[in-house]
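What follows is a set of notes on a single structure, which appears directly below.
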Amino acid sequence: MESRQLVIARNAPSDTGDTYDDPPETYYSLDRLRRQFNDYAGAKDAENREMVEARHYYHGDQWTKHEIEQLRRRKQPVVTSNRIVRKIDAVVGLVERLRQDPKAYPRTPKHDEGAELATATLRFVLDNNDWKSKSSRIARAGGIDGVAGIEYDLVQGDEKDPSLELHIVYGDGFFYDPRSFDEGFTDARYLGVAKWVDIELAKELVPDKADQIDALMETGSDLTTEKDTDRDRNWINMTERKCRMVDHWYIHGGKWKWCLYIGFLKLMEGVSPFIDERGKTFPRYRMFSANVDHDGDRYGFVRNLRSPQDEVNHRRSKALHLLNSRRVVSEKGAVDDIEVARREWAKPDGWVEVNPGMKMEPDQSTNNDFKGQLEMLQEAKNEIENFGPNPALIGQGLEDSSGRAIQLLQQAGIAELGPYLSAYKNWKIRVYRDIWNIIQRYWIMERWIRVTDDMNVAQFFQINKLQVDQFGRPEIVNAIGSLDVDIIIDEGPDAVNMQGDAMMILQSLGPQFLQQFPDIAIELSPLPNSVKKPMLDKINAKMNAPPPPNPAVIKAQIDAQTAQREDQRAAVQQQQDMVMKARQQQMDERQAMMDAQLERMKAANDIEIQRMKAAADIQIERIKAANAARMQQERHSQDMDIAKDKAAYQAQLAKSKPQPAA
C-alpha cells in the first residue's frame, strides 16, 4: 500500500498519454463499488467455504469436530494420513521441473539484437523479485485454493526510475466479478483485494483523511466474506480499532480504474498506470485459476482428492480399531463374570477360565472385516497416487518396467494435469508481457542490469545509454522503449521421461553409429537442453566446415612458402649487410676525422703547455730573486740590530766599571 502514492503520481496526464484538453475522468460511486463487492460475497459463498476447507485438508486438519467426538465415544483412534499435501507438493515440483523461462523474439529484423537485451532485462526483474520462489508458492496456492496470482507495485528506490516489485496474492483476500468464467479472469469487469488493517496504519497511508478514518469504526459485520471467518477471526482483536480496506479495480469508460476505500469512505482513486503494447490499461492484479466448474466457481485439486482422502482416514481408523478389538463367541454361562472375562480377554497375557462343558472362542469374522478394510484402503490410496504426478512420473516402483511403459505412464500422469498446466503457463506468459510493458514505459533513464546465464557467468547490460554519434549528435543506445519484441515462454518438453528405449536402441546400434551420427545420438540422449544445444552447435559447426585439403598440396604449399621465406630472408640479410657495411664506412671516416682533430688538439695543447711552463719558470725566478733580496735585506737589518745591541752593551759595561782614583 505504501506505493499507492507513486501509482497516483503516475496517473498524471503527461505520463498516461492523455492531454490536458481531455475531459476529466469519471469514476464509479462508492455505493456501486460496494454492491459489486457484496455481489461477489453473496454469489461465491460456496466457493469461499470450499477454499477454507481445502486449506484445512492440505494442512492435515481433515476431521470435523462431530466426527472426532463420535470416534472418541467409540474409543476408535483418530488417524490422519495426509496424502493430499504430498500430491499437491508433487504437482508443484513437476511444474518447477518444466522449464518456463521468458524469452523475447524480434518482430522485425532490425530488432534482432534487441531481443537478447529484452530477455536479459526480463530475467533481471524476475531475479530481483525472487521469482523462482514466488512462482512455486503461487503454483501451490493455486492447487490448494484454486485461485492465486501476483500484483504489480511501482516503488521509488535508488534509481531515478521506479522499480517494479511483485507480490503474491492469495485467494483468501481476493475478490472478483462472479460472472467471470475465464481461468485467467480476462472477462472479469472488476477485481481486487480486501484486507483488515489497523486504523493507525490506514491514517499513515492517507493522512489527509485521518479525521474521517477516526470517525469510522468497522465491527467486522460489513464487507465480510466466509474466508474471513476462518483465518482473520484468529487475528482480529475487537478491542482494537481495525477496519477493512478494499483495493477495488474496475473497468469504466474503456479503462481500468481503481479505488481505495474503507466502508463508506473513499480514500483515493485513479486510472491504472499500467498500459499494454496496444495502449490499453490493465489492472495491477494478474490472477489464474486451477479449475472452473459449471457454476463458475474456482477450485483446486482438493475437491477431487477429498473423498478418497476421507476414505483413507476412515478406513485406517476402522482397521486399526478392528486390529485392537477382540470379539468373543461363547455359550451362555461359559464364564461366571462376563466383565472379568472381557477384561482378561482384551489383555495380551489374559487368563480366562471357562466352565466345564462350555464353549468359548474368538470371532474369526473380524479377520475378514479387517482384510476388507485393508483392500478398500488400498483402493483409496491408489486413486490418490495415480492422480497427476503418479509414481511413474517421479520414478518410483518402475525398476522392472521398460522405457516405453515408463513413458506411457508418465504421459498419462501429466495428461491429468493438462488444464492446470495450461492455465499456469498462460498466466506466466501474461505476467511476463505485463512486466515488459511496465519496464518499457517507466524505465527511461540509464541503468545497468545484471543477468546470470545457464553457465552461471554474470553478464552486465547497460540500457538507455546516452552517447554522442559520429556527427556529434546525442543518441540513446539500448533504448528499452523502442524495442519491438514478442514475449513467449522458453519451456521444456511436455513429458518428463527417462528415454530408456531410446538409449537402449542407441546402445544396440553400436559405437560406429554414434561416431557417424553424433548429432542424432545427442538429440536422443536424456541430456538437458542446456547441455545438448552447445554440443549440437559444435557438431554442426564442424560438419559445415570446409573439407581438409590434400596433404601433397599442403606439402607443396609449405615448401613454396618455405622457399619464399628463405629468399626473403636472404634478401633481407643482404640488405642488412649492405646497410652494415655503409654504416661501418661512415664510422671509419668519422673515426679518422676524430683522430685528426685529436692530433691538432694535442699539438695545440703541447704548445700551450710549453708557454705556460716558460712563464711559470720566469715567475719562479722572479720569486726567487725577490726572496733572496728580501732575505739579504733582513740579514743586513739583523746585523745592524746586533751591532747596536753590542755597542749598547759595551757602553753599559764601561759605565759599570769603577773609575780609578785621581
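The values are calculated or read from the model by the stated rules, or taken from the named source; none is laboratory data. What you are looking at is a predicted structure, and each value in this text was computed from that prediction instead of being measured. Virtual Cβ from ideal backbone geometry, glycine too; neighbours counted across all protein chains shown. Keep in mind that these areas ignore ligands, DNA and RNA; they rest on the heavy atoms of the full protein, side chains included. Shrake-Rupley method; radii C 1.70, N 1.55, O 1.52, S 1.80 Å.
For the range 276-291, the condition of being among the polar types (S, T, N, Q) and either farther than 30 Å from residue 60 by Cβ or modelled with pLDDT under 85 (or both) holds for at least one residue.
Scanning the range 408-447 for residues that are over 18 Å from residue 127 (Cβ atoms), outside any helix (DSSP H, G or I) and either at pLDDT 90 or above or out of contact with any Lys or Arg (no Cβ under 9 Å at 6 or more places or on another chain) (or both) yields a single hit, 417. Just one residue in the set 255, 332 is touching a Ser or Thr at 6+ places or on another chain (Cβ under 8 Å), surrounded by fewer than 19 Cβ atoms within 10 Å (Cβ to Cβ) and not small (Gly, Ala, Ser); that residue is 255. Scanning the range 40-66 for residues that are among the charged types (D, E, K, R) and under 14 Å from residue 296 (Cα atoms) yields 44, 45, 47, 50. Scan the range 286-298 for residues that are part of a strand (DSSP E or B) and either open to solvent by less than 10 Å² (accessible area, probe 1.4 Å) or touching a helix residue (DSSP H, G or I) at 6+ places or on another chain (Cβ under 6 Å) (or both) and the total you get is 5. Here the condition is being at pLDDT 90 or above, open to solvent by 60 Å² or more (accessible area, probe 1.4 Å) and of a type in the set (Asp, Glu); of 22, 45, 39, it holds for 39 alone.
Identify, from the list 557, 507, 515, the residue that is at pLDDT 75 or above, open to solvent by 80 Å² or more (accessible area, probe 1.4 Å) and either out of contact with any Ser or Thr (no Cβ under 8 Å at 6 or more places or on another chain) or over 30 Å from residue 98 (Cα atoms) (or both). Just one listed residue meets the conditions, 557.
Looking only at the range 242-285, residues that are more than 26 Å from residue 142 (Cα to Cα) and not in a strand (DSSP E or B) come to 9 in all. Test residue 235 against the stated conditions and say whether it is on the phi < 0 side of the Ramachandran plot and modelled with pLDDT under 90. Considered against the rule, which asks whether it is on the phi < 0 side of the Ramachandran plot and modelled with pLDDT under 90, residue 235 comes out as yes.
Of note, residue 159 satisfies the criterion of being out of contact with any helix residue (DSSP H, G or I) (no Cβ under 6 Å at 6 or more places or on another chain), open to solvent by 10 Å² or more (accessible area, probe 1.4 Å), modelled with pLDDT under 90 and among the acidic types (Asp, Glu).
For residue 84, are the conditions met, namely being of a type outside the set (Gly, Ala, Ser), open to solvent by less than 60 Å² (accessible area, probe 1.4 Å) and touching a residue at least 40 places away in the same chain (Cβ under 8 Å)?
yes
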